[in-house]
Amino acid sequence: MKGKAKSNRERKLRELVKRVWENVPHYRAKMEDVGVTPHDISTARDLWKLPFTTKEDLRNTYPSGLLACSKEKIVRFHASSGTTGKPTVVAYTRNDLQTWTDAMASCLKRAGVTSSDVVQIAYGYGLFTGGLGLHYGAEKLGCAVIPASGGFSERQLMLMEDLGTSVLACTPSYALKLSEMLQQKNKALKLRLGIFGAEPWSETLRKTLEENLKITALDVYGLSEIMGPGVAMECPAKMGLHLAQDFFLVEIINPETGQPVKEGEEGELVITTLTKEALPLIRYRTRDITKILPGKCDCGDSSTRIARIRGRSDEMLIIRGVNVFPTQVETALGKTFGLSCHYYLEVTGSEGHKDLHVYSEMLENLSPEAEERLKAKAISNLHNILGIRVELHLLPPGSIERSDGKSKRIRSTL
Ligand code: DLL
């Protein structure tokens, strides 16, 4: 069966390469540039011969230069949450939407969601893929779906209580905001599971959410360029995210050299879509940093698993020669009893000598002496994990703005 699944994927790969060669001049030109034709690609081992596709390719061909089907076949557009310039537009055919629904439903099933669940979707609905992606997957499983979308937090809590929400799907930072609001209320909830993703988050934040909300919190990964949520999902064993491997091939490369990393090493995730019709992507550089995990998951499933995303390569700070990801700061702050999970970062100084400022919120107001002790402990934890000294600023409880969607951890950089 395993061999059959593999040969199926390889057949899909050959068909994909032939299809983009015939239908997408941009891909054909890039392949011709490196002297590759569809005849050179027969198994996944040949993938390296193909050129990468980047966010720039999508930008340069905006809005529809990479389309591999006629415009009549498009039934939906989404767009990435780009902050600068034009967004990245993603198109779907009817089959693409079906594939997405199937992939998302399998992810939710893997997480333990069943038709008895009431799923409240507090990811944004609209151009962002979070809301509708989760929505169709959960509906396919037969769940009762509450399309709450993001924000209107008081109403979220009311719906949770009145409709008996058992599964909450939103960003981990929004889940944190909701959990804090809940702590001040006396609500009888049936919540048991959180499907959290769309931004990097740490094990520490998982623990906090699980304790505060009395749930199991699982990680879901995806990106609009590839499809949306549903690319990979944790199971309750929490041993990494299982890849939806019927639909994607993955590689891990060194982001600087573009070469594959050694087995099990961390690097940039590169994804090839096997079944997408409207916008197939070949060797798409996600800029997300992770690794392929060895061995088998305790759930018994032997599908490829990736580690929780450490962060995006373009959000990695280099402070006096040391690489720092916001999730590492989150881990260090989480190890410091007395601090909340709310924080943000600023970088000051000059190119040659950067300083990292960490702004972290205290759980309660303290006496000056107790605050000094807390600060010393946090600085020591940050030093142990990051390997550098940082400027730490402790802020009063509740002073850092809460996020209803993806939180912005790096507020300013050079
Ligand atoms: O965030 C799709 C999504 C929606 C995923 C809902 C999960 C849940 P984009 O807006 O295109 O799409 O952003 C994609 O978000 O490249 C990662 O950098 C980051 N990201 C997504 N999921 C995770 C995760 C959606 N579980 C970008 N952990 C990706 C860390 C994540 N980062």
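The values are calculated or read from the model by the stated rules, or taken from the named source; none is laboratory data. In this text the structure is predicted, and so the values were computed from the model without any measurement. Here the Cβ positions follow ideal geometry from the backbone for every residue, glycine too, while neighbour counts run over all protein chains shown. These area figures cover heavy atoms from the full protein model, side chains too; ligands, DNA and RNA do not enter into them. Shrake-Rupley method; radii C 1.70, N 1.55, O 1.52, S 1.80 Å.
Given the conditions (1) within 23 Å of the chain's Cα centre (by Cα); (2) more than 16 Å from the ligand (Cβ to nearest atom); (3) under 22 Å from ALA217 (Cα atoms), and given that ALA307 satisfies all but one, which numbered condition is not satisfied?
For ALA307, the failing item is (2).
Answer yes or no: is there a residue in the range 111-128 that is in contact (Cβ under 8 Å) with a residue 24 or more places away in the chain, part of a helix (DSSP H, G or I) and within 19 Å of ALA217 (Cβ to Cβ).
Yes, because at least one residue in the range 111-128 is in contact (Cβ under 8 Å) with a residue 24 or more places away in the chain, part of a helix (DSSP H, G or I) and within 19 Å of ALA217 (Cβ to Cβ).
Being of a type outside the set (A, V, I, L, M, F, W, C), in a helix (DSSP H, G or I) and either within 21 Å of THR99 (Cα to Cα) or in contact with a Lys or Arg (Cβ under 9 Å, 6 or more places away or on another chain) (or both) is the filter here; which residues of the range 140-160 pass it?
LYS140, SER153
Which of the residues spanning the range 373-414 are more than 16 Å from the ligand (Cβ to nearest atom), in a loop (DSSP other than H, G, I, E, B) and open to solvent by less than 30 Å² (accessible area, probe 1.4 Å)?
Within the range 373-414, the first condition is being more than 16 Å from the ligand (Cβ to nearest atom), and the residues that meet it are 373-402, 411-414.
Checking which are in a loop (DSSP other than H, G, I, E, B) leaves us with 387-390, 396-402, 413-414.
Selection gives ILE388, VAL390, ILE400.
Right, ALA175: closer than 26 Å to TYR343 by Cα and in contact with a helix residue (DSSP H, G or I) (Cβ under 6 Å, 6 or more places away or on another chain) or not?
Values: closer than 26 Å to TYR343 by Cα: yes; in contact with a helix residue (DSSP H, G or I) (Cβ under 6 Å, 6 or more places away or on another chain): yes.
So ALA175 fits the description; yes.
Every residue, every condition in (1) touching a residue at least 24 places away in the same chain (Cβ under 8 Å); (2) touching a helix residue (DSSP H, G or I) at 6+ places or on another chain (Cβ under 8 Å); (3) open to solvent by less than 50 Å² (accessible area, probe 1.4 Å), yes or no:
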| site | (1), (2), (3) |
| --- | --- |
| ARG287 | yes, yes, no |
| THR290 | yes, no, yes |
| ILE318 | yes, no, no |
| CYS341 | yes, yes, yes |
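Kindly indicate which of GLY264, GLY258, GLY222, GLY228 is within 12 Å of the ligand (Cβ to nearest atom) and either open to solvent by 10 Å² or more (accessible area, probe 1.4 Å) or over 20 Å from GLU199 (Cα atoms) (or both). Outline the logic, then answer.
On the way: GLY264 fails: within 12 Å of the ligand (Cβ to nearest atom); GLY258 fails: within 12 Å of the ligand (Cβ to nearest atom); GLY228 fails: either open to solvent by 10 Å² or more (accessible area, probe 1.4 Å) or over 20 Å from GLU199 (Cα atoms) (or both).
After applying the criteria, what remains is GLY222.
Within the range 343-363, how many residues are within 16 Å of LEU374 (Cα to Cα) and touching a residue at least 60 places away in the same chain (Cβ under 8 Å)? Steps first, please.
Our first condition is that a residue be within 16 Å of LEU374 (Cα to Cα); within the range 343-363, this holds for 343, 358-363.
So of that shortlist, the ones also touching a residue at least 60 places away in the same chain (Cβ under 8 Å) come out as 343.
Residues flagged as within 16 Å of LEU374 (Cα to Cα) and touching a residue at least 60 places away in the same chain (Cβ under 8 Å) within the range 343-363 amount to 1.
Conditions tested, residue by residue: (1) among the β-branched types (Val, Ile, Thr); (2) surrounded by fewer than 16 Cβ atoms within 10 Å (Cβ to Cβ); (3) not in a loop (DSSP other than H, G, I, E, B).
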{"position": "LEU16", "(1), (2), (3)": "no, no, yes"}
{"position": "ASP57", "(1), (2), (3)": "no, no, yes"}
{"position": "LEU66", "(1), (2), (3)": "no, no, no"}
{"position": "VAL75", "(1), (2), (3)": "yes, yes, yes"}
